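Enquirer: Structure provided below as structure tokens; questions to follow.
Read-outs: derived from the displayed coordinates by stated rules, not from any lab. Only a predicted model underlies this, so the values are computations on that prediction, with no experimental measurement involved. We place every Cβ from the backbone using ideal geometry, glycine too, and count neighbours over all the protein chains shown.
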Ligand code: URA
């Protein structure tokens, strides 16, 4: 069963609450998502492999640790995933970025792929898939399935919000993929929205609708 980490740090929870408010402006929603994503990156990279390198301080030479950020690929599920990208890139600036475009068929709520662009040598890389809302879980599960065809070293999934249905779908399809989220909300409604949620994340990030 894939592990679910609810990032309950007070800064994350505070920012999430402000984002839920229906009168939060596009500007503040986007800024909060950006800040929150940097904090999520801190948590999701906690177990990243490190290597020793030699460093010359002004006084001595020592052995010290670095992470190889170039091996990390952030994969954004378009378009709302892009709202998480910038905040993550602030703290993992060497990461490569892939995009996967999936739209939700409004009748069946299943995922249909329309775009897929990844860096080369994915078999050497650790993937962090980002999408703010893990709702039905269908898009996330389809994205991860597609990425597994490239045999990456590891895959993690980061969202802002999820619900029991989304967690169940991901755990059933990909028990090996850990999930990181700021909250698990009560339920999904008949239109695939998370309740109480924060509405349509893409519309709120980009000021559409
Ligand atoms: N996607 C969203 O943007 N919001 C939801 O509540 C569910 C899916």
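Enquirer: Given the Cα-Cα distance of residue 27 and residue 1 and 0.36 nm per residue of separation, how much length would full extension add, in nm?
Expert: Roughly 5.6 nm would be gained on extension.
Enquirer: Run the quick spin-label model on residue 187 and residue 90: label points 7 Å from Cα toward the beta carbon, then report their separation in nm to one decimal.
Expert: Result: 3.6 nm between the two label points.
Enquirer: What relative contact order, as a whole-number percentage, does the stretch 104-202 give when Cα pairs under 8 Å and 6 or more residues apart are counted?
Expert: 26
Enquirer: Same structure, new question: If packing is taken as the average count of other Cβ atoms within 10 Å, what order do 163-175, 182-194 fall into, highest mean first?
Expert: 163-175, 182-194
Enquirer: Also, I was wondering about something else. For the stretch 1-18 and the stretch 134-185, write down the distance between their C-alpha centroids in whole Å.
Expert: Comparing the Cα centres of the stretch 1-18 and the stretch 134-185, I get a distance of 16 Å.
Enquirer: Quickly estimate the mean residue ellipticity at 222 nm for the chain, helices only: each DSSP H run with n ≥ 4 gives -39500 (n - 2.57), and the total goes over all residues, rounded to 500.
Expert: -9500 deg cm²/dmol
Enquirer: Post the alpha-carbon centroid distance, the stretch 20-54 to the stretch 75-121, in whole angstrom.
Expert: So the separation of the two Cα centres works out to 16 Å.
Enquirer: Could you please rank 15, 148, 107, placing first whichever residue has the fewest other Cβ atoms within 10 Å of its Cβ?
Expert: Listing 15, 148, 107 from fewest to most nearby Cβ atoms yields 107, 148, 15.
Enquirer: Return the FRET efficiency for the residue pair residue 110, residue 54: r is the Cβ-Cβ distance, R0 is 45 Å, and the value is rounded to the nearest 0.05.
Expert: 0.30
Enquirer: For the stretch 1-160, just say rounded, prolate or oblate: build the C-alpha gyration tensor, square-root its eigenvalues into a ≥ b ≥ c, call rounded for a/c under 1.5, and beyond that prolate if a/b exceeds b/c, oblate if not.
Expert: Cα axes put the stretch 1-160 in the oblate bin.
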